[in-house]
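Step one of this worksheet: look at the structure below.
Please treat every number below as a calculation from the coordinates, not as lab data. Nothing here was measured: the structure is a model prediction, and the numbers come from that model. Ideal geometry is used to build each Cβ from the backbone, glycine not excepted, and the neighbour counts take in all protein chains shown.
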Amino acid sequence: MNIAVASRAVAPLHGVGGLERAVADVCSALADRGHHVTLVTATPTYDAADDSLLRVNELITVPWADDRMFRRGGVLDRVVHYPRFVGRVTEALSARDTVFDAAIGHGAAAAAFVSLLNTGQVRRLLINPHGMEEFSATGLKRALLTPQRALVRRAARQANRAIALDAFLVHDVMHNLALPRERVAIVPNGIDVARVDRLTGPLPPPHDGPPVIVSLARIEPNKGLDVLAAALGMIRDQLPDGWRWLHIGDGAARCQVEEAITRAGIGVHATLLGRISDADLHRTLARATLFVHPTRYEGSPLVMLEAMAHRLPIVASAVGGIPDKVIPDETGWLVPPDDPAALSTAIRTALSQPPAILRAVGERGRTRVLAHFSLTEVVDELIALLDTIPPRDERPRTED
C-alpha cells in the first residue's frame with residue numbers, strides 16, 4: 001500500500017512524547033512490512049540522535065511557523081500556526097504526482113488530506129484524534145482552541161473512519177467529532193516490547209529497599225504533577241525511609257511543579273530528571289517500584305504501556321482510556337483526577353503491599369500489554385481496518 005501520514009510532530013524529530021512516539025512506531029512498523037510510507041511533518045526541532053526510532057520511505061518537512069513569537073506547542077502557537085501548517089502539508093503533497101492508497105492524519109493535521117481526498121489523490125482517509133485536548137479544555141483555553149476543533153471536525157466529516165484509541169474513548173470520539181458509531185474504529189496505541197527489552201538490558205534483581213516512585217510526562221498543567229506533589233506531601237512521613245520520586249520529562253510548568261514540591265515539603269525526596277535518553281528512561285523504569293500517572297485528562301497514554309511493559313504496578317487517574325489498561329487490584333489502582341487525598345491513599349496502599357504481591361501486579365500488567373497492546377497486533381488491526389474500506393474510486397455507486 002502507498003500510505004501518506006501527516007502529523008505536527010514525530011519522534012525523534014520533535015522529542016519523544018506520547019504522540020510523537022505513537023506516530024513514529026506505526027510509521028516504522030508499516031514501512032518494515034513493505035508498505036511505502038510518506039510522512040509529512042513540521043521542520044525538526046531536535047537533533048535526531050536515535051535514527052532507529054523513525055523508518056519511513058519518504059520524509060517531507062514543512063515549516064510550522066514563520067516566526068518564534070509563541071512557545072512551540074502552546075495554545076497561542078497552535079491557534080496561529082496549525083491552519084498554516086495544514087495548508088503547507090496539502091501543498092507539499094498535491095505537488096507530487098502520487099496517488100495514495102490511504103492517508104492517516106493525526107489530530108488536526110488530518111485536515112490536510114480533505115482536498116486531496118476530493119481530487120482523488122487520496123483514496124482512503126483515517127483520522128486519529130488522539131487525546132482531543134482541544135475538546136476537553138475549558139474557559140479561555142477552550143475558546144482559543146475553537147479553530148483547531150474546527151479543523152479536526154472538518155477532517156472527521158470526510159474521513160472514512162475516526163480512530164478511538166480504546167473502547168473507553170469511543171463515546172468521546174463520537175461526541176466530539178459528531179460521528180455515528182459505525183464510523184469509529186478502535187485501534188489502540190501499541191508498543192514494541194522487544195525494543196523496550198533491548199534498551200533495558202538484563203533485568204536488575206528484585207529489590208526490597210526504599211521504594212522508587214516514577215512518573216513520566218511533559219511538565220504541563222494537565223499532567224497533574226502538582227497533584228502528585230501534594231499527595232506525596234500528605235504521606236511523606238508514612239512511607240518507608242529513603243523513598244524517592246523521580247519524574248522524567250520537562251516542560252513549561254516546571255517552575256510551578258518545583259513550587260508544589262517545596263510546598264509539600266518533599267524536596268529531599270523528589271528529583272525532576274528532565275529529558276533523558278531512551279535507554280536511560282527504560283533503565284529508570286526497570287529499577288522503579290511504582291509508576292504514578294496523575295493526569296487531569298488524557299487520551300490513551302503510551303507511557304503507561306511502557307511502564308506496564310516494565311512490570312510496574314500503576315496508580316493513575318481514572319480518565320480517558322486509562323481504565324482500559326489499569327484494572328483495579330489486577331494491574332494497579334485508579335483514583336479520581338485532581339484529588340490529592342485519594343491519590344495519596346492509593347500510593348500508600350500500593351506501597352504497603354508485600355513485595356511479592358506488588359511484583360505480581362506488575363507481571364499482570366506486562367501480560368496485558370503483550371496480549372492487547374503490542375505494536376505487532378496494533379499494526380495488524382490498522383491494516384485490517386484499511387482493507388475493509390473500499391478505495392474512493394471503487395466504491396459502489398448508488399442510483400439516484
* Restricting attention to the range 67-97, which trypsin sites (Lys or Arg not before Pro) occupy a DSSP loop and are surrounded by at most 12 other Cβ atoms within 10 Å? -> ARG68, ARG71
* Using +1 at the Cβ of each Lys and Arg and -1 at the Cβ of each Asp and Glu in the range 193-372, identify which of ALA230, VAL361, TRP245 lies farthest towards the dipole's positive end. => VAL361
* For the range 17-111, treating each Cα as an identical point scatterer without solvent, what Debye log10 I(q)/I(0) comes out at q = 0.11, 0.15, 0.24, 0.25 1/Å? -> -0.35, -0.65, -1.49, -1.55
* To do: Could you work out how far helix 225-234 tilts from the main Cα principal axis of the chain, as a 0 to 90 degree angle to the nearest 10?
  => 20 degrees
* To do: Give the value in nm², to one decimal: projected area of the alpha carbon convex hull of the range 64-117, averaged over all directions.
  => 4.0 nm²
* Structure fact -> So the angle from the long Cα axis of helix 340-351 to the longest Cα principal axis of the chain, reported in degrees to the nearest 10, equals 70 degrees
* State the answer as a single residue: which of CYS255, MET308, HIS130 lies farthest towards the positive end of the charge dipole of the chain, with beta carbon charges of +1 for Lys and Arg and -1 for Asp and Glu, about the Cα centre. => CYS255
* Rounded to the nearest 20 Debye, what is the dipole magnitude of the chain about its Cα centre when Lys and Arg each give +1 and Asp and Glu each give -1 at the C-beta? -> 560 debye
* Asked: How many angstrom separate the Cα center of the range 22-36 from the Cα center of the range 272-322?
  -> 24 Å
* Structure fact -> When VAL379, VAL23 are arranged by how many other beta-carbons sit within 10 Å of their Cβ, fewest first, they go VAL379, VAL23
* Structure fact -> So the angle from the long Cα axis of helix 355-372 to the longest Cα principal axis of the chain, reported in degrees to the nearest 10, equals 10 degrees
* To do: Specify, per residue and in Å³, the volume enclosed by the convex hull of the alpha carbon atoms belonging to the range 192-304.
  => 101 Å³
* To do: Loop only per DSSP, at most 13 neighbouring Cβ atoms within 10 Å: give me the trypsin sites (Lys or Arg not before Pro) in the range 1-61, ordered by residue number.
  => ARG33
* Structure fact -> Here D for the range 202-249, in µm²/s, from Stokes-Einstein with a Kirkwood Rh over Cα pairs at 10 °C and 1.306 mPa s, works out to 128 µm²/s
* How high is the FRET efficiency between ARG154 and ARG55 when r is their beta carbon distance and R₀ equals 25 Å, given to the nearest 0.05? -> 0.25
* Asked: So what is the calculated 222 nm ellipticity per residue for the chain, using -39500 (n - 2.57) for each DSSP H run with n of 4 or more, over all residues, to the nearest 500 deg cm²/dmol?
  -> -12000 deg cm²/dmol
* To do: Give me the orientation-averaged projected area of the Cα convex hull of the chain, in nm², one decimal.
  => 19.7 nm²
* To do: Report the full-extension gain for the segment ALA341 to THR388: residue separation times 0.36 nm, less the Cα-Cα distance, to one decimal in nm.
  => 12.2 nm
* Peptide ranges 268-276, 367-375 listed from the most packed, as the mean C-beta count within 10 angstrom indicates -> 367-375, 268-276
* Could you state the number of Å between the C-alpha centres of the range 65-125 and the range 137-155? -> 16 Å
* Structure fact -> Phi angles of the range 21-32, converted by Karplus (6.51 cos²θ - 1.76 cosθ + 1.60, θ = phi - 60°) into ³J(HN,Hα) in whole Hz with x for Gly and Pro, give 5, 4, 5, 4, 5, 5, 4, 5, 5, 5, 5, 4
* Structure fact -> Taking R0 as 30 Å and r as the Cβ-Cβ distance between ASN2 and GLU377, the FRET efficiency 1/(1 + (r/R0)^6), rounded to the nearest 0.05, comes to 0.80
